[in-house]
Amino acid sequence: MPRGVPESFARFISPLPRTPFAPTPMPAPKTAISPTREVDYPEWYQQVIKAADLAENSSVRGCMVIKPWGYQLWENIQRALDDMFKATGHQNAYFPLFIPMSYLEKEAEHVEGFAKECAVVTHHRLEPNPDGGLRPAGKLEEPLIVRPTSETIIGATYAKWVQSYRDLPILINQWANVVRWEMRTRMFLRTAEFLWQEGHTVHATAAEAIAETEKMVDVYRDFAQDWMAMPVIVGSKTAKERFPGAVDTLSIEAMMQDRKALQAGTSHFLGQNFAKAQDIKFQSEKGGVEHAWTTSWGVSTRLVGALIMTHSDDDGLVLPPRLAPTHVVIQPIYKGDSRAEVMAEAQSLRDEIAAQSYAGAPVRVTIDDRDIRGGEKKWYHVKRGVPIRLEIGPKDIAAGTVFCGIRNQPKSFGISRSELVSTIGTKLETLQSELFAAALHLRESNTVTITNEADFRDFFSTQNEDKIHGGFAHAYFADEDALEPLLKELKVTIRCVPRGDNTTPGTCFLTGRPAEKKAVFAKAY
RNA sequence: CGGGGCGUGGCUCAGCCUGGUAGAGCGCUGCGUUCGGGACGCAGAGGUCGCAAGUUCAAAUCUUGUCGCCCCGACCA
């Protein structure tokens, strides 16, 4: 590489020798996305978002514009989850964007966790600035923060709602935006403002609240696996990784294609911490006054990032059919006179496919009849991750066939029209399960069990440290604090203590001391 | 907040070192040729070179200040 050329620009330098005479046209790229995952994974991620038209950066630092294709994806995620929340007895409500600053102060750990990244509203008016422009005026008596999460304001409200054990449980969810003033942002994975849902529940007993926490993390697991085709590990966070103010934090952890871990959802058992801080108490059946037990749980637009990094390839986005805004796109191939005939045929094909069902609903099919070249159109849909692409032209019409491309298969194929229509639902199901299987295989083949420090170091610091991140390491540990220097050095974190994986005690991989907990270690987003 | 880098048509950038009044590719518009595969030709629209001072006959180019953004670290769904 020439001196002074940053590594990230290396891809722009053609590896092919170029003759000084006939300027060879750039060879058609073998992949639609460059750089490829292998060359520069973070840059590949950005390029997929761009090529798939999911989102773009806005003029506001750290805040993105979610474009229609990306937002439809989010809407599908919302719809599926919302149904699951309703099915588990929850209702939606909405609480304010602004939270009085004093509310945040009530729970000590909570303040510590969020104070550093809060947007603060101090004025309520603008007035002309003598030097031109505008300046804030009308100082607020008490500053308001823009919610980084809503435990405090919702808790304060619940305190008024709860009088008696008869008022419990309260099972409410809200779909909202929140703001966390992050220093470094990445589209979908960490933005200053993001969309999410946050469930907040109140219970009469610890056992009931714990059951709720477990129930909701299971909902997240099911959603991740059944809808996103993303295998996840369910487990408990260690003390240092817990949500500020929680007694226990459960999470789902997924492995991305660069083998780094991504926390995709969390469910917190808050004990009585928030209930005490906010005075949520009730009169029990026996007549005594008790503090209630609360939970909170959430997933965010980060799931879109998870989806991208789990399935997409060097040709762009790959969408699991259950969440794809469009299942099938039909591309009519015509020239000159054949247009009317081909269009009519494409429309009847669309109607037949729309009459088929997949996952209990009609197949979502569209025709792309834009007047652009076929190749360009093909790649447009490939990059956007449409599960199935169909092409139909005069030759197909004559032969009673269509040409079919499935997003996870390199080659398109011809198929009789009737067979295609009758198997379209099956093809979508197959794709969905193949995506899951591939993601699971990646995780399984990059997961190890580690029993000593040397192996641990080797696993997380081998080869190209920029690109290779080891994967998931299962290991026993005795004391989280004792691990800290090593984890910091290797930039590894404890992802979670997997549920149901701690029945037998073992030996700490670092200290050799007896250990009860076995955790998953990984580099993480 | 520390350490680097960058602000030039919609996008990506060249030009700056060695001041002389703005370029390329892509995209866009029109016309034509193409058309089972991310086409090609011709014509065209589009920029007070981030902002402000200074040096100079003359500043995208030199100086100072300022604002914004990106990358690398400390924090994080």
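No value in this document is a laboratory result; all are computed from the given coordinates. Just so you know, these numbers come straight off a predicted model, no measurement behind them. Methodologically, a virtual Cβ is constructed for each residue, glycine included, from the backbone with ideal geometry; neighbour enumeration extends over all protein chains shown.
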**Study point:** Range of Cα positions in chain A per principal axis (Å), largest first
**Key:** 83, 65, 53
**Study point:** For chain A, calculated [θ]222 nm from helices alone, where every DSSP H run of n ≥ 4 adds -39500 (n - 2.57)
**Key:** -10000 deg cm²/dmol
Revision key, fill the gap. If R0 = 56 Å, then A:Ser164 and A:Ser445, at their Cβ-Cβ distance, give a FRET efficiency to the nearest 0.05 of 0.55
**Study point:** Positive minus negative residues near A:Leu319 (Lys, Arg vs Asp, Glu; Cβ under 10 Å)
**Key:** +3
Exercise for review: Can you check what the net charge comes to around A:Ala119, using other residues whose Cβ is under 15 Å from the Cβ of A:Ala119 (Lys, Arg +1; Asp, Glu -1)?
Suggested key: +1
Review point. Okay, which of segment A:153-196 sit inside 17 Å, backbone N to the point 7 Å along the Cα-Cβ direction of A:Glu290?
Key: A:162-170
Practice item. Please determine, in degrees from 0 to 90 and to the nearest 10, the orientation of helix A:68-87 with respect to the longest principal axis defined by the Cα atoms of chain A, where the helix direction is its Cα long axis. Key: 50 degrees
**Study point:** 20 °C / 1.002 mPa s Stokes-Einstein diffusion coefficient of segment A:282-350, Kirkwood radius on C-alpha pairs, µm²/s
**Key:** 120 µm²/s
Review point. Expressed as a whole percent, how much of the Cα-Cα distance distribution for segment A:273-390 exceeds 26 Å?
Key: 48 percent
Practice item. Rounded, prolate or oblate: pick one for segment A:447-522, where a ≥ b ≥ c are the square roots of the eigenvalues of its C-alpha gyration tensor, a/c under 1.5 means rounded, and failing that, prolate if a/b is larger than b/c, else oblate. Key: prolate
Check your understanding: Given labels modelled 7 Å from the Cα in the Cβ direction, how far is it in nm from A:Leu134 to A:Glu112?
Key -> 4.0 nm
Review point. In sequence order, what are the phi-derived ³J(HN,Hα) couplings for segment A:90-98 according to the Karplus relation 6.51 cos²θ - 1.76 cosθ + 1.60 with θ = phi - 60°, rounded to whole Hz, with x for glycine and proline?
Key: 9, 10, 8, 8, 9, 10, x, 5, 9
Point to revise | For A:Leu140, residues with placed amide H under 5 Å, excluding near neighbours | key: A:His123, A:His124
Practice item. Using 0.36 nm per residue of separation minus the Cα-Cα distance, give me the extension gain between A:Ala211 and A:Thr366 in nm, one decimal. Key: 51.5 nm
Review point. At 10 °C and 1.306 mPa s, what whole-number value in µm²/s does Stokes-Einstein give for the translational diffusion of segment A:328-425, with Rh from the Kirkwood sum over Cα pairs?
Key: 118 µm²/s
Review point. Amide H to amide H, which residues 5 or more places from A:Ser300 or on other chains are under 5 Å from it, using H placed in the peptide plane?
Key: none
Review point. Segment A:466-522 to segment A:65-127: how many Å between their Cα centroids?
Key: 32 Å
Review point. Residue by residue, what Karplus-based ³J(HN,Hα) values in Hz, rounded to whole numbers, does segment A:48-58 have, using 6.51, -1.76 and 1.60 with θ = phi - 60° and x for Gly and Pro?
Key: 5, 4, 5, 5, 8, 6, 7, 6, 8, 6, 9
Review point. Under the classification rounded if a/c is under 1.5, otherwise prolate if a/b is larger than b/c and oblate if not, where does segment A:383-525 fall, given a ≥ b ≥ c as square roots of the Cα gyration tensor eigenvalues?
Key: prolate
